[in-house]
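Every read-out reported here was derived from the displayed coordinates using simple, explicitly stated rules and does not represent laboratory data. All of these numbers come straight from a predicted model, not from anything done at the bench. When we count neighbours, we look across all protein chains shown, and the Cβ atoms used for this are built from the backbone with ideal geometry, even at glycine.
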Amino acid sequence: MLLEEPDPRTAIARRALHPSSYDPSTIRERLEAEEVEIRAVASPAELDPENTLAAFILNSESRDEYGPTVLRQFVEAGGSIVALGAPDEADVPSTLSTDLLTSFLRAPIGLEQLLLSIRAAWASSHVEQLVEGFVRASLHAIEQRDPTTFTHAYRVADLAVRLAQAADQVTRGPLRDVHFSQNQIRAIRYASLLLDIGNVAVREDVLMKAKKLYPPDLALILQRISVMRGLREVGYLRKRVEYVEQHGHEGYDAFVRQLSEEHQRQLTDLDRFTELVSKCNEPTVLPEGGFKDLLRYADSYYLDLDGSVKPYLTEDEVRFLTIRVGSLDESERFAIESHATHTYQFLRKIPWTRELADVPAMAYEHHEKLDGSGYPRRLRGDQIPIQTRIVTIADIYAALTSANRPYRNRLSPERALEIMTNEVQQGQLDAELFRLFVESEAFEDPAAYSA
C-alpha cells in the first residue's frame, strides 16, 4: 500500500466511519465541530480510507460482517480500527486480531474515552502516512540518479509481502510455526522498498555501468582498430608503389594478387578482433565459455604512426573484457556491494518505532546467503532471520526479471526460477521459502513482467 501523494498545502481530512448498526449520535456534535466527516458504511465493500485519516468504529454487533480479511485490507490501505467491547467482554475476544486494532474499549464506554481513542487512531494513521511519505520521498530522490531502483523497489516489496503472507498461511512442514503480525509485514515491506537507498553513495558511472568497458574506453579501442586499419591500407599501397619502383611492371599482377590476399586476411582479422571486443564487452548472468580467442589478440602488437610498438589491448582492457559474470571488476563490485552498508548507515539514523525496528537490519542483510557467500557480513544459516530470507528471494527474482536493467537483458520467469533453483541447490537460498515462492505462485506478476 502506497498512498497517493497529498497536496502539501492541504491538511489531510479526518473521517470517522461506522457500520450501519452503530448510532454515532453521542459523538456527532463533537466531531462535526472539529470538521470531521462522519460516514456510515453500508457494506464491507465500502470500507475504504480513501486517502484520509480514517478511523473505523467497530461495534460488537458488526464483527461477523466485518471479518478479519476485510479489517486487514482496511488497515493495509491506511485505516485504523477502534473496536467497542460488548457488555459481557472483559478483554479483547479471540475473534478479534489485536494486531489490527488501534484500541479496544470495554463497556460501558464513555464519550471522552471514545473520542480520545478515535483521535489516537487518527494519530496512528498519520504516523504511517508520514512513514509512507518519507519512503516515497527517499525513492524519488534516488530515482533521479538510478531510475531502475525506483521500479525495482516496488516489485521487491510486492513479492516479499506476498511470500510473507503465503508463509503465514502454511499449516504443515518446516514453515508451519512461521507467523507474521501486521507490523512485521509492514517492516518487511519498508525494508524491501528501502534496501537499495544506499545506491546514492555509489559512483554513478559504476551504478549505471551497462557493459564491461565504459563507453570512452570502448571508443579508444575502436579508434585504435581504425588506426591499425589505416596503417594496413597505407602499407598495402606503399608496397605496390615500391614494387613498381624496384621491378617495373614485370610480375606486378601476380604480386598484387598475393599482396591483396594478405591484405584482405589482415582486414578480416581486424574485423574478427572488432567482433570479439563487441561480444566480450557484453555482460552475462552466469559464467559462459572462455576468452581464448580474445587473449590471442592480447598478445598481439602493431607499429604505431610514430614507429613505437603498441598492444592491441592494454592490461586493463583485457581485465575488463574477461570479466566472467556481469559487467563489474572486483573494485567496482566492491563499490556496488558497499550500497548495503550505506543503506544501513542511513536507515539506522531514523528513529523507527519499536514495531519497525528491524527495518535497517533487514535492508542491510538482504544480500546475505545461507552458505556464507553473501555480503557484506558473510552471515550463515540461522544468523539470517526468516524475514530477511524472504526479502532476499524477492530481490533476486525481481532483479533477474527486471525489464530496465542497463547492464543485462530481462530474463523470463522460467529462466529466473531456474537460476534461483541452482542457488537453492548450492545452499544459498532458503529451500522451503523458495518452494513456497514457486508453489504459491507468489512470483506471478504478468503486469510487471510485461511492462
- Over the residues of the range 194-236, compute the C-alpha Rg and express it relative to 2.2 N^0.38 Å. 1.97
- Task: Using only Cα positions of the range 306-451, each an equal point scatterer, no hydration layer, compute I(q)/I(0) via Debye at q = 0.10, 0.20 Å⁻¹ and quote the log10 values to two decimals.
- Result: -0.46, -1.37
- Message: Need the C-alpha centroid separation for the range 411-445 versus the range 267-326, integer Å.
- Response: 36 Å
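Do the sum for the chain: with -39,500 (n - 2.57) for every DSSP H run of n ≥ 4, divided by all residues, what is the mean residue ellipticity at 222 nm, to the nearest 500 deg cm²/dmol?
Details: 16 runs with 232 residues, N = 451.
Using -39500 (n - 2.57) per qualifying helix, the result is -16500 deg cm²/dmol.
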- Query: Label Ala42 and Leu295 with points 7 Å out from Cα along Cα→Cβ: what is the distance between them in nm?
  - Reply: 7.6 nm
- Separation of the Phe255 and Ala13 label points, Cα + 7 Å toward Cβ, nm: 9.5 nm
- Full extension from Lys349 to Arg377: what is 0.36 nm times the residue separation minus their Cα-Cα distance, to one decimal in nm? 8.1 nm
- Task: Net charge near Val127: determine it from the other residues with C-beta under 12 Å of the C-beta of Val127, scoring Lys and Arg +1 and Asp and Glu -1.
- Result: -2
- Message: How much length would be gained if the chain were fully extended between Arg415 and Leu105, taking 0.36 nm per residue of separation minus their Cα-Cα distance, in nm to one decimal?
- Response: 106.3 nm
- Item | Residues Ala210 and Leu305, FRET efficiency given R0 of 41 Å [Cβ-Cβ distance, rounded to 0.05] | 0.80
- Query: What helices does the chain have that are whole DSSP H segments, at least 27 Å long along their own axis by Cα, and with mean Kyte-Doolittle hydropathy of -0.5 or more?
  - Reply: 111-143, 147-168, 215-247
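Using the 10 angstrom Cβ neighbour count as an exposure proxy, how do Val127, Val41, Val70 rank, fewest first?
On the way: Val127 11, Val41 20, Val70 15.
In order of increasing Cβ crowding within 10 Å: Val127, Val70, Val41.
Just how many % of Cα pairs in the chain lie over 33 Å apart, if you round to the nearest whole percent?
Values: 54100 of 101475 pairs.
It works out to 53 percent of all Cα pairs.
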- Task: Take Glu282, project a point 7 Å from its Cα along the Cβ direction, then tell me which residues of the range 200-222 have their backbone nitrogen under 14 Å from it.
- Result: 211-212
- Item | Inter-label distance, nm, simple model (7 Å from Cα along the C-beta direction), Ala141/Arg265 | 6.3 nm
- Based on other C-beta atoms within 10 Å, arrange Arg354, Arg106 from fewest to most. Arg354, Arg106
- Relative to a virtual label point 7 Å from the Cα of Gln113 in the Cα→beta-carbon direction, which members of the range 50-86 show backbone nitrogen distances below 17 Å? 57-61, 82-86
- For each pair in Lys212/Lys292; Lys239/Lys279; Lys209/Lys279, compute the distance between the two Cα atoms and list the pairs where it is over 23 Å. Lys239/Lys279
- Added length on full extension, which subtracts the Cα-Cα distance from 0.36 nm per residue, His126 to Leu231: 30.6 nm
